[in-house]
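I have placed the structure first, in the form of structure tokens, so that the comments after it can refer back to it.
Here, each number is a calculation from the coordinates, and none is a lab measurement. Computed from a prediction, not measured in an experiment: that's the story for all the values here. Don't worry about glycine lacking a Cβ; one is built from the backbone with ideal geometry, like all the others, and counts go over all protein chains shown.
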Amino acid sequence: MKVLSAEFLLSAVSAEHYPRHPMPEVAFAGRSNVGKSSLINTLLLHKGLAKTSSTPGKTQAINFFVINQRCMLVDLPGYGYAKVPQHVKASWGKMIETYLQQRAWLRAVVHIVDVRHEPTPLDQQLRDWLLHYGIEIVTVATKADKLKRSQRAKQVSTVRRVLEMAPEEPLYLFSSLNREGRQPLWSRLDELLLP
Ligand code: GTP
Ligand code: MG
């Protein structure tokens with residue numbers, strides 16, 4: 001998609017505040033600090049549109065961005081950050097689950113993992129949940145710039161194995177630092193977002 005305009009629309013913690021205007025949307029989910037907000041900025045070539053931080057737990061609400069006034073990208077709070085108090089974790093979990101259950105226009109969830117690490121039980125849980133509800137999953141392994149070329153194949157196969165991905169399911173390698181993987185990911189998102 002050629003991004004002609006990209007705007008922050010609103011931030012919501014509960015369903016009554018979600019945008020009502022019907023537009024196809026794709027949401028971005030993954031562990032805290034994995035690089036969800038950075039990935040959105042890289043897709044949009046718009047540094048700072050989605051707020052990022054080196055401290056986990058930056059995105060604490062559901063943020064909606066409108067692209068070309070015709071579709072939405074949705075930045076979800078991260079999960080799995082140990083230092084977040086239990087009651088906050090529970091409320092974020094609920095927030096994400098409510099969102100995923102309620103959005104009729106949700107075309108897919110981009111599940112982002114860090115290519116350097118084994119996906120965690122929470123990653124597996126999210127994936128199981130998406131599969132259970134029949135929500136299309138686009139799996140992205142980001143921070144590819146942090147790996148040596150020689151480590152890539154091994155890390156990619158670890159991610160695929162732990163997430164139990166079928167051989168034909170694509171895994172998109174990505175880097176927000178050098179924009180590797182941006183075009184292939186956009187091609188897939190175009191298929192999902194454009195009629
Ligand atoms: P929460 O909102 O806290 O859940 O985090 P997030 O998943 O939105 O992560 P965010 O985009 O804020 O990035 C977290 C940190 O990782 C920041 O310091 C980013 O600069 C860094 N980062 C994100 N993507 C990449 C990448 O592809 N390569 C490298 N080297 N660093 C990255
Ligand atoms: Mg974020």
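Details
- Where a label projected 7 Å from the Cα of Lys2 along Cα→Cβ would reach, residues of region 33-49 with amide N under 17 Å: 44-45
- Extension gain, Ile137 back to Tyr81 (0.36 nm per residue minus Cα-Cα distance, nm): 17.9 nm
- Start at zero, step by 5 Å, and the Cα-Cα distances of the chain spread as 1, 7, 17, 22, 22, 17, 9, 3, 0, 0 percent across the bins.
- Only helices reaching 30 angstrom along their own axis (Cα) with mean Kyte-Doolittle hydropathy no lower than -0.5 count here, and not one DSSP H run of the chain does.
- Cβ-to-Cβ counts within 10 Å put Ile135, Ile96 in ascending order as Ile135, Ile96, the fewest first.
- Sum of -39500 (n - 2.57) over DSSP H runs of 4+, divided by residues of the chain (222 nm, nearest 500): -10500 deg cm²/dmol
- The chain, relative contact order in percent, only Cα pairs under 8 angstrom and at least six apart counted: 23 percent
- Highest-fluctuation residue, Leu76, Leu100, Leu131 considered, GNM on the chain with Cα pairs under 10 Å: Leu131
- Additional length obtainable on full extension of the chain from Gln101 to Gln60, 0.36 nm per residue less Cα span: 12.9 nm
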